Structure formats: structure tokens, C-alpha cells
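Data block below; observations after.
The values are calculated or read from the model by the stated rules, or taken from the named source; none is laboratory data. Keep in mind it's a predicted model, so treat the numbers as computed, not measured. Using ideal geometry, Cβ is built from the backbone for each residue, glycine included, and neighbour counts are taken over all protein chains shown.
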Amino acid sequence: MGDWELPPELEADAPPEERGADGRDDVRLLTARRVPGAAPVVTHHAFRELPDLLQPGDVLVVNTSATLPAALDGRITETGEPVVVHFSTRRGESEWVVELRSPDGHGSTRQRHHDGSLVTVRVTGGARLTLLSRVGDRAGGSSRLWRACFGAAEPLAYLARYGRAIRYAYTSADRPLAAYQTVFAEPVATAGAGSAEMPSAARPFTAELVTRLVSRGVLVVPITLHTGVASVESHEPPYAEWFDVPEATARVVNNARAAGSHVIAVGTTAVRALESAVDTEGTDDTVRARSGWTELVITPERGVRAVDGLLTGFHEPRASHLMMLEAVGGRPLLDRSYAEALREGYLWHEFGDLHLILAR
């Protein structure tokens with residue numbers, strides 16, 4: 001894809017329904033198909049045309065994780081410095097993986113470079129957060145994420161009362177949590193968990209569109225993967241995330257692949273979950289019912305074994321997710337589709353347009 005920069009005017013700063021569009025599904029869809037022995041074929045559609053682009057027997061795998069109000073304001077007890085805590089991943093009853101960021105004065109945040117000292121943070125509502133240790137260093141070192149003890153008795157209820165959805169500087173304002181939930185999101189149990197950031201590839205789906213897909217003969221099956229916080233500045237690969245692939249989903253995926261139908265992951269989270277459920281021994285590509293923590297990073301060298309299609313948003317230059325897209329569709333397809341998206345003015349980020357990659 002070369003070295004390129006995303007023009008600011010292509011950053012979707014608000015949901016389509018706030019931009020004068022007629023609902024969540026009123027976004028654009030760029031479809032890129034890999035053709036053996038020929039150049040990839042790229043076509044342009046409205047997202048509402050998705051049922052017409054798929055065949056009976058094709059499978060869409062969707063993430064049912066709900067988005068948490070995972071951002072809390074606070075102050076470092078030792079210095080009084082204002083910070084915004086992003087609650088990334090729940091690892092125990094009171095233990096979380098968190099990121100401390102600095103408010104930018106516009107309601108969003110900027111990356112905060114921490115010197116490695118342990119601190120405590122008093123967050124809105126009075127609860128205390130104590131940093132325990134830095135999460136495993138990546139190449140070059142990283143202090144972005146920390147293990148922390150959160151002193152609230154009911155952490156998810158506390159976030160629901162005092163927290164808000166995580167947002168970054170390219171968005172125009174804070175929004176109700178409902179703007180960050182997908183039609184597939186399951187309610188968050190008090191003792192359970194959810195996603196720090198929305199599994200955004202599914203945001204344009206509506207109940208009406210799902211009904212049309214099912215009527216078309218497209219199967220829609222669930223997985224769960226609780227997303228952590230993005231690395232919007234450093235583009236680090238994802239850290240460990242909890243996933244679950246149910247037995248029924250594994251069965252549908254395996255049957256579809258045996259029949260020659262497409263298995264299309266809705267979002268990079270669905271790819272990570274499915275690929276983490278493939279038998280890792282030998283060359284058996286069967287998807288198994290599986291749950292647990294995954295640290296799988298999908299690269300072109302590793303490839304994909306469970307999916308042959310991906311519905312996703314458009315990712316920033318140098319984003320680690322681009323490696324996964326290349327693993328699914330190949331570099332020529334990615335080069336062509338991103339050049340088309342830039343030329344045709346597609347919109348990026350969680351409120352933007354969609355990209356359908358079909359590898360067969």
C-alpha cells in the first residue's frame with residue numbers, strides 16, 4: 001500500500017444518522033473480490049445492498065460483545081494531574097488492564113507517556129484505581145497499558161453510572177452509549193464483561209437488514225470477543241482478549257466451508273476469535289468450540305484458515321489490522337481497494353463506510 005496519509009476530510013467525525021443520512025445502514029460499501037489469474041475486482045455499493053452481494057448458504061460471523069462506558073475521568077493522587085482512564089480488559093474481580101491518557105481540552109484524549117512509576121488515581125465518583133505493574137513489554141518497550149486494581153465493589157455498575165464511551169480526537173463530541181452498540185450486542189451481566197471499544201464493523205446492521213439477509217438464505221452466527229483499547233497512535237498489535245466460539249457456530253462454519261460457501265467475518269474481532277478456535281495441531285483447519293484468552297496476531301505469513309471473507313471498516317495507515325486484511329485478501333487486493341477508497345472519498349473510523357473483502 002505504500003506510505004500514505006489519511007486526509008482529514010475522510011475521517012468520519014459523527015454517526016451517519018447525524019450527518020443527514022437515513023439511518024445507520026446509510027453508508028457506503030466497497031467490495032473487493034480476488035480473481036485467480038487476474039486483477040482484483042472492486043465495485044461500489046450502498047451497504048443496504050449487502051444481501052444482494054451474498055449467496056444462499058454464505059455465513060456472516062458477528063461479535064455479540066457489548067460496548068462498555070469504559071472511559072472515566074480522574075486525577076493522579078500523588079500529583080493532582082488530570083487523566084482519563086480507559087478500562088481495557090477485565091482480568092479478575094477487581095483487576096483490570098487500563099490505559100491512562102491525558103485530556104486534550106476538547107472532550108477527547110491524547111496518549112500519555114508514563115515514566116513507569118506506580119500511581120493511584122481517584123476517579124469520578126470517588127473510587128480508587130491503583131496501578132500494579134506494566135503489561136508485557138513489546139518491542140522497544142511500552143508503558144501504555146497497566147495492570148490495575150479498581151476499588152469499586154461492582155466495577156461494571158460503577159462504569160455504567162460514571163463512565164462514558166471511549167472516543168478519540170477525530171470524533172466531534174461525546175455521545176450516548178447507544179451510539180456505540182451494535183444490533184448484535186448482548187446485555188452486559190454485572191459479573192461479566194464487555195468491549196472497551198465497539199466492534200464497529202457491525203454498527204451499520206439493522207434488524208431490517210438482518211431479516212433481509214436471513215430471507216436471502218445467509219446464515220448469521222455469533223462469536224464473542226471482548227475488545228481492548230485501540231493503539232491509535234502507536235499501532236501496536238492487540239493484546240490478550242477473551243473470546244468464545246460456541247459449538248453451533250463452529251458447526252455452521254465447518255459445514256459452510258465444506259459446501260464451498262463463503263465464511264465472512266464481520267470485523268477483525270470475529271476473525272481473531274475464529275482463527276483462535278482452529279485446531280492448531282497439524283494441518284486440520286476445523287473450527288472447534290473454544291473459549292479463553294487469545295494473543296493471536298494474524299499476519300500475511302500466518303494466513304487465515306477459518307474465513308475467506310471479511311467485512312470491516314477502513315483502517316489508518318500503519319494500523320496493525322492491515323496485516324490481517326492482507327492475510328485475508330492479499331496485497332494486490334488491498335492496494336487496489338484502498339486506492340479506490342481514497343479516490344472515491346470513503347469515510348474512515350467507526351462511524352465510516354465499510355469494506356467487504358471476498359478472497360474467493
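Tabulated values for the structure
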{"item": "Residues of segment 123-137 classified as among the small types (Gly, Ala, Ser) and surrounded by 17 or more Cβ atoms within 10 Å (Cβ to Cβ), total", "result": "1"}
{"item": "Test result for ARG101, touching a His at 6+ places or on another chain (Cβ under 7 Å), surrounded by 14 or more Cβ atoms within 10 Å (Cβ to Cβ) and without any contact (Cβ under 8 Å) to a residue 60 or more places away in the chain", "result": "yes"}
{"item": "Pick from segment 156-176, criterion surrounded by 18 or more Cβ atoms within 10 Å (Cβ to Cβ) and not hydroxyl-bearing (Ser, Thr, Tyr), ranking: farthest from PRO16 (Cα to Cα)", "result": "LEU156"}
{"item": "Scan of segment 343-360 for residues that are touching a residue at least 40 places away in the same chain (Cβ under 8 Å), surrounded by fewer than 16 Cβ atoms within 10 Å (Cβ to Cβ) and either in a helix (DSSP H, G or I) or touching a helix residue (DSSP H, G or I) at 6+ places or on another chain (Cβ under 9 Å) (or both), ordered by number", "result": "GLU344, GLY345"}
{"item": "Test: residue in segment 66-78 that is in contact (Cβ under 8 Å) with a residue 60 or more places away in the chain and farther than 25 Å from GLU186 by Cβ", "result": "no"}
{"item": "Condition met for VAL328 (touching a residue at least 12 places away in the same chain (Cβ under 8 Å), closer than 23 Å to TRP4 by Cα and not basic (Lys, Arg))", "result": "yes"}
{"item": "Every residue from segment 303-320 that is surrounded by fewer than 21 Cβ atoms within 10 Å (Cβ to Cβ) and either of a type in the set (S, T, N, Q) or part of a helix (DSSP H, G or I) (or both)", "result": "SER320"}
{"item": "Residue within segment 284-300 that is surrounded by 24 or more Cβ atoms within 10 Å (Cβ to Cβ) and closer than 27 Å to ALA169 by Cβ present", "result": "no"}
{"item": "Selection count, segment 1-47, where residues are of a type in the set (Lys, Arg) and either at pLDDT below 90 or out of contact with any Ser or Thr (no Cβ under 9 Å at 6 or more places or on another chain) (or both)", "result": "3"}
{"item": "Positions within segment 44-92 being of a type outside the set (A, V, I, L, M), outside any strand (DSSP E or B) and either touching an Asp or Glu at 6+ places or on another chain (Cβ under 7 Å) or within 30 Å of ALA157 (Cα to Cα) (or both), in sequence order", "result": "PHE47, ARG48, THR64, SER65, PRO69, THR77, GLU78, THR79, GLY80, GLU81, ARG91, GLY92"}
{"item": "Leading residue by the ranking (nearest to the chain's Cα centre (by Cα)) among those in segment 118-176 that are of a type in the set (Lys, Arg) and at pLDDT 90 or above", "result": "ARG167"}
